[in-house]
Each structure stands twice: as C-alpha cells, then as structure tokens.
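Taking it in order: structure first as structure tokens, then the write-up.
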Amino acid sequence: MGVTVRIPAPLRRVTNDLDRVEVDAENLADMVDAMEEQFPGIKERLIDETGGLRHFVNIYVNGEDVQFLQGLDTEIKASDEVSIVPAVAGG
Amino acid sequence: MAFASALKCRECGREYPTDPLNVCEFCFGPLEVVYDYEAISRVVSRERILNGPLTMWRYQDLLPVDGDNAVDLQTGFTPLMKAPNLGRMLGLDHLYIKNDAVNPTNSFKDRVVSVASTKALEYEFKTLACASTGNLAGSVAAHAARAGMTAYIFIPADLEKGKVIGAAIYGPTVVAINGSYDDVNRLCSELADTYPWAFVNINMRPYYAEGSKTLGYEVAEQLGWQAPAHCIVPSASGSMFTKIWKGFKEFEDLELIPKVHTHMHMTQAAGCAPIAEAYEAGVTRVRPVKPDTVAKSLAIGNPADGYYSLKTIQESDGDATIVPEEEVVTGIQMLAETEGIFTETAGGVVISGLKRLVERGAIKRDEVTVAYITGNGLKTLEAVEHTVKPVTIDPTTASFEAEVLSA
C-alpha cells in the first residue's frame, strides 16, 4: 500500500483519466519520479528546468501546502494523502 | 457580437478553445482570453461607449461574452468622486475616489461575477459556485438568484457576519470551512474537478477576471478619456490590480485614450502581504503566507496572480506598500470623516497606503490620483465597532444639555 496522490483534471490525460494514483515513495521528489515511471510525461508538467516545483503547481500533504513544509524534500508515508492542485484559482 | 477568439496560456503560449478552462494542461499556467483587437478597433469608439448603458456593459465589446443576455444587476459606472477634503489633508490637489462600494452587492465583485455568470449560462451550467473571502460570496449568490441558478458558496468559517448573512439571504447553500481562504480555495479546486459546476474563480476564471478591466475603462472615461498618473489598489489574489492596468493599456491600444503613464500602486495589510513582501525583497516568486489580518477580504496567503501583479508593478513603474494592521481602521475613519464614504477594511488599507505613498514622495501634489474603494463598510462593522461611542439620553432638553452639550 503506497501513498495516494490526487490528480487534478489538467493532468488526467497523462494518467489515463485516473483521478487518484498510488505510488511507493518516501518523499515528494521520489513520488514524482515514481509517477513518471507509471505515467511518462507527468514529471515535466510538475517540475521546471531547475528541478523545482513549477511556478503554477501547488502540492499539499494532508492539506498542508508543501511550501510551508520541506518542498520536494517533504517526507511522506503510506497513510498520507498528497494532492496536486493548480495554483491558478481564486481571488 | 463577440470578439473573444481563444484562450491562451500566459506562460507557454499554447492556445485553447473558449471553454470553461482556467489552467494550461501542459505547464499549469493561467489561461487568458484572446481578443480580435483588429475587429474591435473597427467597431469601438468613444461615441459607441457613450451611447451604451450606464453600467459596465457599455464596454461589452471588450468583454468575453457572446450574446446580449448578460446577467446584469446594473453593475458598474460607479461614481468617480473628487476628494477635496482628503486631498487637502494629504497634500494632493487632484485626488479622486472610485467608489465601487455602491455596486448592487456593495463591492467590485459584481463586475467579475456579472461576466462569469453570463458565461456560465452560455455554457449551460445550472450551478454557480465560488471560494470567497466574503465579497464574492454575496455577489455570486445574488447573480445566481437573478439567473435562476443554484449556488454553492464556500467561505472561511471566521468571516464577518455581514458578509455571511449578506450572501445567505439570496438563498444559496453557504458552506463555512474550518480553515483559511487558501484551504477553501484548495477544496474548491478539487470539487471543481468533480462536479459540473461553474466555479466563477476557478473554471470560469479567465472570463471572470476580465470583468475587472471595466474598473480601468470607467476611470479613464470619467477622467475625460485619460488614464490617471497614479492608481492605489488593494490586493488579495492580485487579479484586479493586473486587470485595471490591462484596461488602461487596451484603451491606449485602441486609441480611445492617449499614451498611458499610470503608476500602479498595490496595497496590502501587514498580516497578509505576500505580494508586497516579494516586491520589497526584489524577487518574482511570491512565497505564500498564513494570513492573520483584520482585512479579511484581502486574506489570500497564496495569491494566484502574485507573479503577474509584480509584472504590472514593473511595467507601470509602480510599487507595493505594506500597511500596518493598526492603520487599517485609521484609513477607514479618515475616508469616512473627510469624504463621507464608509469603506470596508480593504478600503482602509488603500487610504492608509495612499497616505504613506504621499509621505514618501511617490505621489506629487499636482498629479491625478485615483484611490480604488472596492467594498462597503457595513460589511465589516466588527472592525470598527470599538471605535464609535453613540450617546444615549432621556427624551428631555435637560438630558440633552447635560449628557451631550456639557459632556
């Protein structure tokens, strides 16, 4: 049993329409790599050329914005829920 | 007649059809409406605008709607008032207040929601929804009522009473969330992927945001077809700030006004100033904050248009000002006592921010300056309740003389 990752609509074309995927990973950077193995093309949509999170992507672990945690180094465990959410909303 | 031809990603330039979409599938960048400006320039003129309705819909050629069936509560064309008393106090000869607190639901949000709800009907949505810091809640609920749509309003649970009741009265489902606006916004982004609803500030956002351009058009028209030298604007997500600027630039490009030399000044309250802090630090990446401010309508810790607001500041040679929390109420009082306009906390941020700008020499006495007042003070009574002391007396002359005149 891995970590559950919630996939937003703009990414579902890459995840074969799955709105949730499960991956084995110990931190968010590993999670992105693990997702890339299952769904090639997803990594470049999330990570920019400097290796950081793209400007308009927010990732939450159990509802907390990872920018308040350790960014892509944030550790995750099997019971966590990770949510990928487009940043362009609200206001 | 519609001149909106596509949606385009502001980051990577990919184009999309004009569908209910807000995010680029490839890079997650924001989608913005593309217009056929050549076609618009053949139609639009000062005369055509002057002959239009006395609402924001006089600028329909520059709004992304298809037909003539706007969901219209008669929003816009609000007063641009000369503010001689406040001007004298601050040392400005040409200060104006754009009083957008007198819209149908008492905030500028009616502009964006009028466009968003009109689009929602075009797309045949049955349900209108939003994540709100307060003003949007009332506006979405009212427009849904007018349009015969179902409404779901999501707000942080700590919102001022006036904003909660002011939304609930129109009959929507009001959902208060235990969390900040940013939590509400995240939840709504997830719900927007699941339910076939028009979330005005999520899947309708490219259209919604365009409504704020009318705050630029109107001020330019009301100043006799010219943009002001300075605009002072409150910011939460930063969207309105960028769109006022866009409005001026479009009018300039369409030769409706001369070249624009406006300096765009953003104001935020100290308890939630992520964009202004990025400006001060000289970085383009806005670091989110956990809001703790009396200006709840500006309490967005992770502002969607922060990056583009910083670009607007740069393009317009403007700046950003952080207003200390204790000056928010002072600003409200200053405007009320000098010009007879009672604004909510965001307006207090604007007036105190304006004062700071003048004090540091960013605005000169003879320059045309417009302060944007975007919400009504009756919605945030809690913020100022402690500052007023009405006197109660017996109905006698003696009591009046003793308790009032001699007090």
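Can you pull the Kirkwood radius for segment A:3-86, inverse mean 1/r over Cα pairs, to one decimal in Å?
It works out to 12.5 Å.
By DSSP, what percent of the beta bridges with both residues in chain B are antiparallel, rounded to the nearest 5?
On the way: 13 of 43 bridges.
Looking only at bridges with both residues in chain B, the antiparallel portion is about 30 percent.
Of B:Lys8/B:Lys213; B:Lys98/B:Lys290; B:Lys98/B:Lys355, which ones are farther than 23 Å apart at the Cα?
B:Lys98/B:Lys290
With every protein chain kept in place and ligands, DNA and RNA left out, what is the accessible area per residue of the protein assembly as shown? Probe 1.4 Å, answer in Å². Show your work: numbers first, answer last.
Values: 20030 Å² over 498 residues.
In whole numbers, the protein assembly as shown has 40 Å² accessible per residue.
Sort the following peptides by mean Cβ neighbour count (other Cβ atoms within 10 Å, averaged over residues), highest first: B:234-241, B:248-255.
My ranking of the peptides, most packed first, is B:234-241, B:248-255.
Quick check: at a probe of 1.4 Å, how many percent of the accessible area of segment B:292-381 sits on carbon and sulfur atoms?
So the carbon and sulfur contribution to the accessible surface is 47 percent.
GNM, chain B, Cα, under 10 Å: largest mean-square fluctuation among B:Tyr152, B:Tyr16, B:Tyr181?
Among B:Tyr152, B:Tyr16, B:Tyr181, the largest mean-square fluctuation in the Gaussian network model of chain B belongs to B:Tyr16.
If you take the accessible area of B alone plus A alone and subtract the pair, what total do you get in square angstrom, rounded to 100, with a 1.4 Å probe?
Buried area (both sides, nearest 100 Å²): 2900 Å².
Charges only on Cβ, +1 for Lys and Arg, -1 for Asp and Glu: so what's the dipole of chain A about the Cα centre, in debye to the nearest 20?
440 debye
Carbon and sulfur: what percent of segment A:3-86's accessible surface (1.4 Å probe)? Mind showing how you got there, number by number?
Numbers: 1650 of 3980 Å².
After summing per-atom areas, the C and S share lands at 41 percent.
If you count, for every residue in B:199-208, the Cβ atoms of partner chains within 10 Å of its Cβ, what is the mean?
Numbers: counts 2, 0, 4, 4, 2, 0, 4, 1, 0, 1.
Across the residues of B:199-208, the mean count of other-chain Cβ atoms within 10 Å is 2.
Angle check, please: helix B:345-359 long axis (alpha carbons) against the longest principal axis of chain B (alpha carbons), in degrees 0 to 90, nearest 10.
80 degrees
Mean separation of Cα pairs under 8 Å and 6+ residues apart, divided by the residue count of chain A: what relative contact order is that in percent?
Dividing the mean separation by the residue count of chain A yields 37 percent.
Please calculate the 1.4 Å probe accessible area of B:Glu403, with all protein chains present, and give it to the nearest 10 Å².
100 Å²
Arrange the peptides B:223-232, B:275-284 so that the one whose residues have, on average, the most other Cβ atoms within 10 Å appears first.
B:223-232, B:275-284
Mind checking B:37-48 for the average number of partner chain beta-carbons within 10 Å of each residue's beta-carbon?
For this peptide, the per-residue mean of nearby foreign Cβ atoms is 0.
Looking only at the protein assembly as shown, where both bridge partners belong to it, what percent of the DSSP beta bridges are antiparallel (to the nearest 5)?
Working: 26 of 59 bridges.
Around 45 percent antiparallel, to the nearest 5.
So what is the relative contact order of chain B, in percent, for Cα pairs below 8 Å that sit 6 or more residues apart?
That works out to 16 percent.
Measure nothing fancy, just the Cα-based angle from helix B:326-339's long axis to the longest principal axis of chain B, in degrees from 0 to 90, nearest 10.
Tilt relative to chain B: about 80 degrees.
Going by accessible area, probe 1.4 Å, with all protein chains left in place, what is the ranking of B:Val350, B:Val289, largest first?
Putting B:Val350, B:Val289 in descending order of accessible area: B:Val289, B:Val350.
Which residues belonging to segment A:1-32 lose at least 50 Å² of 1.4 Å-probe accessible area when the assembly is complete, relative to their chain isolated?
Hits at the 50 Å² cut-off: A:Arg6, A:Pro10.
With a 1.4 Å probe and all protein chains kept in place, how much accessible area does B:Thr173 have, in Å² rounded to the nearest 10?
Near enough 60 Å² of accessible area.
Accessible surface of A:Glu26 in the full protein assembly, 1.4 angstrom probe, to the nearest 10 Å²?
Accessible area of A:Glu26: about 140 Å².
Measure out, as a whole number of angstrom, how far apart the alpha-carbon centroids of segment B:63-116 and segment B:202-217 sit.
14 Å
Of the heavy-atom accessible surface of segment B:129-249 (probe 1.4 angstrom), what whole percent is carbon and sulfur?
51 percent
Comparing B:Glu344, B:Glu11, B:Glu382, which has the greatest mean-square fluctuation in the GNM of chain B with Cα pairs linked when under 10 Å apart?
B:Glu11
I'd like the per residue volume of the convex hull spanned by the Cα atoms of the protein assembly as shown, given in cubic angstrom.
Cα convex hull per residue, to the nearest whole number: 161 Å³.
Compute the distribution of all C-alpha to C-alpha distances in chain B, in bins of 10 Å from 0, and list the percent of pairs in each, rounded to whole numbers.
5, 23, 34, 25, 9, 3, 1, 0
What is the calculated FRET efficiency for B:Ala402 to B:Lys290, with r their C-beta to C-beta distance and R₀ = 41 Å, to the nearest 0.05?
0.20
Of B:Leu7, A:Leu53, A:Val14, which is farthest on the positive side of the dipole of the protein assembly as shown, counting Cα position, with +1 on Lys and Arg Cβ, -1 on Asp and Glu Cβ, and the Cα centre as origin?
Ranked along the dipole, the leading option is B:Leu7.
Quick one: ranking B:His263, B:His386 by accessible area, 1.4 Å probe, largest first, what do you get?
B:His386, B:His263
At 222 nm, what helix-only mean residue ellipticity would the protein assembly as shown give, in deg cm²/dmol to the nearest 500, using -39500 (n - 2.57) for each DSSP H run of four or more?
Counting only the DSSP helices, I get -9500 deg cm²/dmol.
Pick out which of B:Val43, B:Val23, B:Val329 has the largest mean-square fluctuation in a Gaussian network model of chain B, springs linking Cα atoms closer than 10 Å.
Per the Cα network of chain B with a 10 Å cutoff, B:Val43 tops the list.
Buried by at least 30 Å² relative to the chain on its own: which residues of segment A:45-78 qualify, computing accessible area with a 1.4 Å probe on protein heavy atoms?
A:Arg45, A:Arg54, A:His55, A:Phe56, A:Tyr60, A:Gly63, A:Gln67, A:Phe68
Provide a whole-number value for the mean count of partner chain Cβ atoms within 10 Å of the Cβ atoms in peptide B:182-190.
Whole-number average of other-chain Cβ neighbours for B:182-190 is 5.
The values are calculated or read from the model by the stated rules, or taken from the named source; none is laboratory data. It should be emphasised that the depicted structure is a prediction, and the values quoted were computed from it without experimental measurement. Every residue, glycine as well, gets a Cβ built from its backbone with ideal geometry; the counts of neighbours run over all protein chains shown. Remember, those area values only see protein heavy atoms, side chains included, never the ligands or the DNA or RNA. Shrake-Rupley method; radii C 1.70, N 1.55, O 1.52, S 1.80 Å.
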